[in-house]
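The values are calculated or read from the model by the stated rules, or taken from the named source; none is laboratory data. Everything numeric in this text was worked out from a predicted model, so none of it was measured. Cβ placement follows ideal geometry from the backbone for every residue including glycine, while neighbour counts extend to all protein chains displayed. Note: accessible area is taken over every heavy atom of the protein model, side chains too, but ligands, DNA and RNA are not part of it. Shrake-Rupley method; radii C 1.70, N 1.55, O 1.52, S 1.80 Å.
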Amino acid sequence: EDRGEKITDSLISVLNDQAPWVRYCAAKALGKQKVSEKINSLASLLNDSTPFVQIAAIESLGILKDGKYSTKLLEFVNNQDADISQAAIIALGNMDIKEDEKLIFQNLLEKQIENPNWVVRKAIATTLGKLNTDEAFELLLRMLAQENEYLVDKEILFSLGNLNNSKDTLPLLINFTTESSLRENTLDILSKLGKIVIPFLQKALENDDSDIRANIVSILSRISDDKSMQILVKLASSDSSAYVRKQAVLALNNFNHDQRAIWAIMWAANHDVDSLVVQTAKS
């Protein structure tokens, strides 16, 4: 964890040690110290005979974010060793690479989206969210349509949520909440995005589908913001669906520090026309 030229030189001196674990630790330590001026020495381990040492070198180069060896890393994307492929994909996603290399990288990722190893597919999903291009957006949607692994699904949704074209992605994610296989992951992602999604949620409340409106209630209940609470207050008293009103009443429990939320629950307990909503509000 220490820094300084002497420490760095000592680490570099053991990059050729006979023991692979020593080479591995030295590579990891050089990445932690962010010694980009010594990158040539670190990059020498890309040709190491031991896979886990290669992986350490790839990961550290990714941490340093120096695109000097991006061409070499592109050669590892299709590596048969899934861990090496994953490390290269994540490292390249962290680097500021040239536009022509970005296009090559994107094409390599497209060929790999059906990789039988879910670890590689998850790395691809993570990286596509960082590329932030129209092509990356389309690739993520293709992956989502064919993916069966829970953790990869979640990563795809997270990357979609991180893309800058919020106009397209956030309404799409809101619609995904009605698909049973995607619902929980999507609710989690939208909630984590915070108040940036509130205007899109408000617009989606115009939807005739009460399931979508109920899912929006679930998201709003997890976003600790005054605007969320105001929307829930309105839904608790005026939504056309008794189920949505009930969910809104339950969601207002998360805002019980605010008198307006308490009043909305009390109003539902005394005036709602549905007995289940009344019972929920009273309890």
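A few notes on this one:
- Relative contact order of the chain, pairs being alpha-carbon contacts under 8 Å that are 6 or more residues apart, as %: 8
- One chain, two ends: ILE63 and ARG260. Fully extended at 0.36 nm per residue, the span grows by 66.1 nm beyond their Cα-Cα distance.
- Taking the 1.4 Å solvent-accessible surface of the stretch 192-272 as the whole, the part contributed by carbon and sulfur is 50%.
- A simple spin-label model places the labels of SER283 and GLN18 7.2 nm from each other, with each point 7 Å out along Cα-to-Cβ.
- Spherically averaged projected area of the stretch 124-283 from its Cα convex hull (nm²): 9.3
- Note: the stretch 1-115, Cα convex hull, 87 Å³ per residue.
- Estimated vicinal HN-Hα couplings, Hz - the stretch 121-136 in sequence order (Karplus 6.51, -1.76, 1.60; Gly, Pro = x): 4, 5, 5, 4, 4, 4, 6, 4, x, 7, 5, 6, 10, 4, 5, 4
- On a per residue basis, the convex hull of the C-alpha atoms belonging to the stretch 208-283 measures out at 72 Å³.
- Measuring spread by the Cα atoms of the stretch 171-238 yields a radius of gyration and Dmax of 10.8, 31 Å.
- Dipole magnitude of the chain about its Cα centre (Cβ charges: Lys, Arg +1; Asp, Glu -1), debye to nearest 20: 740
- Computed over the alpha-carbon atoms, the chain gives an Rg to Rh ratio of 1.15, Rh here being the Kirkwood radius from the mean inverse distance.
- A straight line joining the Cα centroids of the stretch 58-136 and the stretch 214-234 runs 38 Å.
- Å² per residue, accessible surface of the stretch 1-93 at 1.4 Å: 51
- Based on Cα contacts under 8 Å between residues 6+ apart, the stretch 71-151 shows a relative contact order of 28 percent.
- The portion of the accessible surface of the stretch 1-80 made up by carbon and sulfur, rounded to a whole percent, is 49 (1.4 Å probe; DNA, RNA and ligands excluded).
- Counting only heavy atoms of the protein chains and using a 1.4 Å probe, ASP188 has close to 40 Å² of accessible surface.
- Of the listed residues MET229, MET266, the order by accessible area with a 1.4 Å probe, largest first, is MET266, MET229.
- Take the Cβ atoms of THR50 and SER191, set R0 to 41 Å, and the FRET efficiency comes out at 0.45.
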